[in-house]
Amino acid sequence: MPRSLPVTRQPVFWAALAFAAGILLGSYAWRPPLWWIAAAAAFLGAATYFLRRRFAAAVALALGAFVCLGALSVELASAAGDPNELAAFCERGPVTVTGHLLRDGTLRQGAFGSPQQTIDLEAESAVDEQGRVARGGIRLTAYYPADKQPTVLRYGQRIRFRAPLRRPRNYGNPGAMDMRGYLRRRGIDAVGSMKAGEIELLEGRGGSRAGAWIAAARRSVLARMNLLWGPRDGPLVVAMLIGEHSLIDRETRQNFQSTGTFHILVVSGMNVGLMAFPVFWVLRRLRFGEGVTTLVTMMATGAYTLLTDMGSPVLRAAFMLWIYLLARLFYRDSRAPLNAAGIAALVLLLLDPRALFDASFQMTFIAVLAIAGIGLPLLERTAEPYRRALLFLGSTDYDQQLEPRMAQWRLDLRLVAERLARFIPGNKSEQAALWIVARAAGAVVAAFEVLLISALMQMGMAAPMAAYAHRAALLAVPSNTVVVPLTAVLTPMAMVGVLLSYVSRVMAWLPALLTSALLHGITGSVRLLGGSRASAVRVATPTAVAVLAFGLAFALAMLVARRRRAWAISGLAAMFAASAWIALVPPTPQVRAGLLEVTALDVGQGDSLLVVSPQGRTLLVDAGGLTGQPRSNFDLGEDVVSPYLWSRGMARLDAVAITHAHADHMGGMRAVIANFHPHELWISVRPPNGELAALLDDARRQAIELKEFREGTRFDFGGAGVEVLAPPRDWTAGPRPQNNDTLVLKLSYGETSALLEGDAEKRIERLMSASGEARADLLKVGHHGSATSSTPEFLSAVRPRYAVISVGAHNPFDYPRREVLARLEGSKVATFRTDAHGAVTFYLDGRSVEPRLPGR
């Protein structure tokens, strides 16, 4: 019968799933658009034929048509392309740009402590030296002198500048964040940087009046928040309410991430819901009609969305809420949430099929499915009967409308209230006791609901959290049990305080004070739980088999959530097992047994090399870093090196090595040590350096064995020979770290070898050349291709067949130097560069060396 099919209960939801499946199919199985159109028409025709004959077959065929339409949408989007007029102007010299700001500028402290402002603008005209004109979005970084207080540029303000433009660049490693795609979704086609003093302010304004009004309202709200909560609490309140979290320090971010509560700092579905609920509740209490209540709630959430700068997650959440509110007017049962999610997903995927591959899109809809598809059905059969039983607790007539066990529970509660009434003075002690008992029981039921939904959310998010954040938030359930209720009170309380501040700051004092108290409760809980070792579990990218098993378990849990208790429990058990597999069972690392691997990672202007021995032992030599990194929220070790290792299925490292104490080599190592818990740390000399000392302290606290090496040391590392060529035995550390402190390692396997030179300069190169031990098939070129290294005498001693240069794109030092490249070419060395090729891998099999580029 038609009614027995799940599709008939949530038709739009299943259509959206089929459309998404079509997008996946079209992305990996190309066919001409006419092919998909014909297939969709055939499926629809067959579905029409079977509609009155075999309803189940008709439904399956109709879903097949949606699969074809999804695949068609991918082909049409690919055919339309994504024109970028500015692409022809990038990496081609200075361009004169006239444009207006798309949003207010953002001030930050630069890596060296000087202020810098990030400016997103729409180029009204970009003119190159040949007189060609283009338009598009540009992100400009303006640098200010350390002693100057910059003025924030505002939406619509027109400016002119002349500077080189570059295409947005991703780090060229598997697992790296798609920064280019992120900026493209923000309307940015090119990036540039320059001194702020060279920017010319123009008369007039660009943009729209509506945009100017929204930007002014946002500035006003930000000013009120900073006034009410100051520099201590203000950044967190701003992040929680309108999603601006650029001022939150990295430690606070990591505490929220490790406890699975970072979602409260990113404006998304929960924030939109917390804003909508008080409005909806008040209007219902005032007995407004459903239509008026729905319209006003939609208008309020729309205004809130505008204040949050309309990022993709909040737009999706608001759109989904609007669809849900409208669906409530037609569906009074549990079909509304899933159908609303289906409508929202269909519309968003029709507008941009590529959104399916966006992490925030996936996590938004997984959360909705976990709550609406599993959580609500389970609550209906567990908590909802108890919640209904708490209504009219003093009425014995209402007992007869409930099932016997609920009636018995009400009787037990009334007995408790009778005993409690003896301790309450006054004529209405019985009513007061009933009220207290009902509220206490309601709080217990609410706590159960929060626990259940939190547990489901964490199980549902296990796969995306492992794939995108590489975290297993083992403390997420207790953390969210505390944080979510506090946030539910804090969010409307803070907004009330902001609104009252426009009337009188005195009136806003109490809501602001209560908001601060709630915020301190949240941060205190997160700090306490985030500091425990159980919160710091990092996981590698799950395998395709594990993700497939998780998806099947998730689907099973949804399908059986409304069936008999045993089936529902089985579905939850399968979902828990799949989540535990992803979180607790590390995948097998992706290595080639019996080969010595040396991979130079793309870490920008720095060094980081992964070595995998023939027996599978792993060594990371350096971890990149930014000069002045202590002032930056970007960490090469956390944000670039670790994702690459996780993408290889690596959860632990056998050893790490720091060649010398320069930030571009060791800056990311603290994060790597925290994430991968190596057994050994190899170093050379120890010059006075605060960062190095802090890193060694971290290693001691984690019981990592510290090994200090000098020239002449030889040992076996998992079937590969390791020989230390520098620093010399009599080398002493100077007052500051220097390039010649470098730990130089020669790795050998069979008749093949690799020389990892670090930043060694001419002096050390002469010593290595004289030793007669420098001969190698693969050379990691010293000091990023600087003219201080790679002398002709040294290259003659090494006689490499292959060389790799770890260097940053568009670096200010003009590395690698042309004379170094000429020497390598003259020596007939096949040279690879991380700025041009991304991560470069070399496999040494004992007889030959095989280079391998990403994706090949």
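Among the residues of segment 573-613, those identified as part of a loop (DSSP other than H, G, I, E, B) and open to solvent by 20 Å² or more (accessible area, probe 1.4 Å) are VAL585, PRO586, PRO587, THR588, PRO589, GLN590, VAL591, ARG592, ALA593, GLY594, LEU595, GLN605. For ARG652, the conditions (1) in contact with a Phe, Trp or Tyr (Cβ under 6 Å, 6 or more places away or on another chain); (2) surrounded by 15 or more Cβ atoms within 10 Å (Cβ to Cβ); (3) more than 30 Å from GLY110 (Cβ to Cβ) are fulfilled apart from (2). Any residue at all in segment 182-194 that's more than 30 Å from TYR644 (Cβ to Cβ), buried (at least 16 other Cβ atoms within 10 Å of the Cβ) and within 28 Å of the chain's Cα centre (by Cα)? No, segment 182-194 has no match at all.
Condition first: open to solvent by less than 20 Å² (accessible area, probe 1.4 Å) and within 14 Å of the chain's Cα centre (by Cα). Now tell me which residues in segment 265-289 satisfy that. Selection gives LEU265, VAL267.
Sort through LEU413, LEU390, LEU376 and tell me the only one that's within 49 Å of the chain's Cα centre (by Cα) and open to solvent by 30 Å² or more (accessible area, probe 1.4 Å). First the steps, then the outcome.
Numbers: LEU413 fails: open to solvent by 30 Å² or more (accessible area, probe 1.4 Å); LEU390 fails: open to solvent by 30 Å² or more (accessible area, probe 1.4 Å).
After ruling out the rest, the residue left standing is LEU376.
Out of all the residues in segment 630-663, which are out of contact with any strand residue (DSSP E or B) (no Cβ under 9 Å at 6 or more places or on another chain) and either in a loop (DSSP other than H, G, I, E, B) or touching a residue at least 60 places away in the same chain (Cβ under 8 Å) (or both)? Listed by number, the residues that qualify are PRO630, PHE634, ASP635, ASP639, VAL640, PRO643, SER647, GLY649, HIS662.
Which is without any contact (Cβ under 8 Å) to a residue 12 or more places away in the chain and among the basic types (Lys, Arg), of ARG250, ARG232? I'd like the intermediate steps shown before the answer.
Numbers: ARG250 fails: without any contact (Cβ under 8 Å) to a residue 12 or more places away in the chain.
When all the criteria are applied, what remains is ARG232.
Regarding segment 258-276, can at least one residue be identified that is touching a Leu at 6+ places or on another chain (Cβ under 6 Å) and more than 14 Å from PRO492 (Cβ to Cβ)? Checking segment 258-276: at least one residue is touching a Leu at 6+ places or on another chain (Cβ under 6 Å) and more than 14 Å from PRO492 (Cβ to Cβ).
Of all residues in segment 30-43, those that are out of contact with any Phe, Trp or Tyr (no Cβ under 9 Å at 6 or more places or on another chain), open to solvent by less than 90 Å² (accessible area, probe 1.4 Å) and free of Cβ contacts under 8 Å to residues at least 40 places away in the same chain total 6. Does segment 815-827 include one or more residues that are open to solvent by less than 10 Å² (accessible area, probe 1.4 Å) and of a type in the set (A, V, I, L, M, F, W, C)? Yes, the conditions are met somewhere in segment 815-827.
If only residues of segment 442-490 that are modelled with pLDDT of 85 or more and outside any helix (DSSP H, G or I) are counted, the one that is nearest to LEU548 (Cα to Cα) is MET461.
Under 30 Å from ARG617 (Cα atoms), hydrophobic (A, V, I, L, M, F, W, C) and not in a strand (DSSP E or B) - does that describe any residue in segment 827-835?
The initial filter retains those residues of segment 827-835 that are under 30 Å from ARG617 (Cα atoms), namely 829-835.
Those left that are additionally hydrophobic (A, V, I, L, M, F, W, C): 829-830, 832.
Add one more test, that the residue is not in a strand (DSSP E or B), and what stays is 829.
Yes - at least one qualifying residue is present in segment 827-835.
Looking across LEU24, LEU63, one residue alone is open to solvent by less than 70 Å² (accessible area, probe 1.4 Å) and modelled with pLDDT of 90 or more. It is LEU63.
Please tell me if ALA71 is open to solvent by less than 10 Å² (accessible area, probe 1.4 Å) and either out of contact with any strand residue (DSSP E or B) (no Cβ under 6 Å at 6 or more places or on another chain) or touching a residue at least 12 places away in the same chain (Cβ under 8 Å) (or both). Spelling it out, ALA71 is indeed open to solvent by less than 10 Å² (accessible area, probe 1.4 Å) and either out of contact with any strand residue (DSSP E or B) (no Cβ under 6 Å at 6 or more places or on another chain) or touching a residue at least 12 places away in the same chain (Cβ under 8 Å) (or both).
For segment 94-110, the set of residues classified as open to solvent by less than 30 Å² (accessible area, probe 1.4 Å) and outside any strand (DSSP E or B) consists of GLY105, GLY110, listed by residue number.
ALA733: hydrophobic (A, V, I, L, M, F, W, C), farther than 24 Å from LEU596 by Cα and open to solvent by 10 Å² or more (accessible area, probe 1.4 Å), yes or no?
Working: hydrophobic (A, V, I, L, M, F, W, C): yes; farther than 24 Å from LEU596 by Cα: yes; open to solvent by 10 Å² or more (accessible area, probe 1.4 Å): yes.
For ALA733, the condition - hydrophobic (A, V, I, L, M, F, W, C), farther than 24 Å from LEU596 by Cα and open to solvent by 10 Å² or more (accessible area, probe 1.4 Å) - is met.
Can you tell me which residue in segment 778-789 is nearest to TYR749 (Cα to Cα), limited to those that are part of a loop (DSSP other than H, G, I, E, B) and either among the aliphatic types (A, V, I, L, M) or open to solvent by 10 Å² or more (accessible area, probe 1.4 Å) (or both)?
VAL781
Would you pick out the residues in segment 416-429 that are among the small types (Gly, Ala, Ser) and either surrounded by 11 or more Cβ atoms within 10 Å (Cβ to Cβ) or part of a helix (DSSP H, G or I) (or both)? Write out each step before concluding.
Going residue by residue through segment 416-429, those that are among the small types (Gly, Ala, Ser) are 417, 421, 426, 429.
Within segment 416-429, ALA417, ALA421, SER429 qualify.
Considering every residue within segment 493-500, establish whether at least one is small (Gly, Ala, Ser), assigned to a helix (DSSP H, G or I) and either touching an Asp or Glu at 6+ places or on another chain (Cβ under 9 Å) or buried (at least 19 other Cβ atoms within 10 Å of the Cβ) (or both). Yes - at least one qualifying residue is present in segment 493-500.
For segment 784-827, name all the residues that are at positive phi and touching a helix residue (DSSP H, G or I) at 6+ places or on another chain (Cβ under 6 Å). Even if it seems obvious, please write down each step before you answer.
Narrowing segment 784-827 to residues at positive phi: 784-785, 790, 799, 810, 814.
Across segment 784-827, the qualifying residues are GLY785, SER790.
Apart from one condition, MET240 fits all of (1) more than 21 Å from ARG139 (Cβ to Cβ); (2) open to solvent by 50 Å² or more (accessible area, probe 1.4 Å); (3) modelled with pLDDT under 90; (4) touching a Ser or Thr at 6+ places or on another chain (Cβ under 8 Å); the exception is (2). When the residues of segment 600-642 are filtered to those that are more than 25 Å from GLY785 (Cβ to Cβ) and modelled with pLDDT under 95, the one that is nearest to the chain's Cα centre (by Cα) is GLU638. Just one of the listed residues (SER516, SER504) is polar (S, T, N, Q), modelled with pLDDT of 90 or more, in a helix (DSSP H, G or I) and open to solvent by 10 Å² or more (accessible area, probe 1.4 Å), namely SER516. If you go through segment 790-814 and keep only what is aromatic (Phe, Trp, Tyr) and crowded, with 16+ Cβ neighbours inside 10 Å, you end up with PHE794, TYR802.
Any chance you could count how many residues in segment 618-629 are part of a loop (DSSP other than H, G, I, E, B) and in contact with a strand residue (DSSP E or B) (Cβ under 6 Å, 6 or more places away or on another chain)?
To start, the set of residues in segment 618-629 that are part of a loop (DSSP other than H, G, I, E, B) comprises 622-628.
If we keep only those that are in contact with a strand residue (DSSP E or B) (Cβ under 6 Å, 6 or more places away or on another chain) as well, we get none.
Matching residues across segment 618-629 total 0.
List every residue pair whose Cβ atoms sit under 8 Å apart, with the two residues 6 or more apart in sequence or on different chains, where the first one lies in segment 779-795 and is under 14 Å from PHE813 (Cβ atoms) and the second, anywhere, is open to solvent by 10 Å² or more (accessible area, probe 1.4 Å) and assigned to a helix (DSSP H, G or I). Listed by first residue and then by second, the contacts come to HIS783/ASN739; GLY785/LEU821; ALA787/GLU819; THR788/ASN739; THR788/LYS762; SER789/LYS762; SER789/HIS783. I want to confirm something. Restricting to segment 665-714 and keeping residues that are among the aliphatic types (A, V, I, L, M), under 23 Å from VAL539 (Cα atoms) and not in a helix (DSSP H, G or I), which single residue is most open to solvent (accessible area, probe 1.4 Å)? Per the stated criteria, the residue is ALA703. Each residue in segment 145-188 was checked for being at pLDDT 90 or above and hydroxyl-bearing (Ser, Thr, Tyr), and 2 of them qualify.
The values are calculated or read from the model by the stated rules, or taken from the named source; none is laboratory data. Just so it is clear, the structure is predicted and the values come from calculations on it, not from any experiment. When we count neighbours, we look across all protein chains shown, and the Cβ atoms used for this are built from the backbone with ideal geometry, even at glycine. Accessible surface areas use protein heavy atoms only, side chains included; no ligands, DNA or RNA. Shrake-Rupley method; radii C 1.70, N 1.55, O 1.52, S 1.80 Å.
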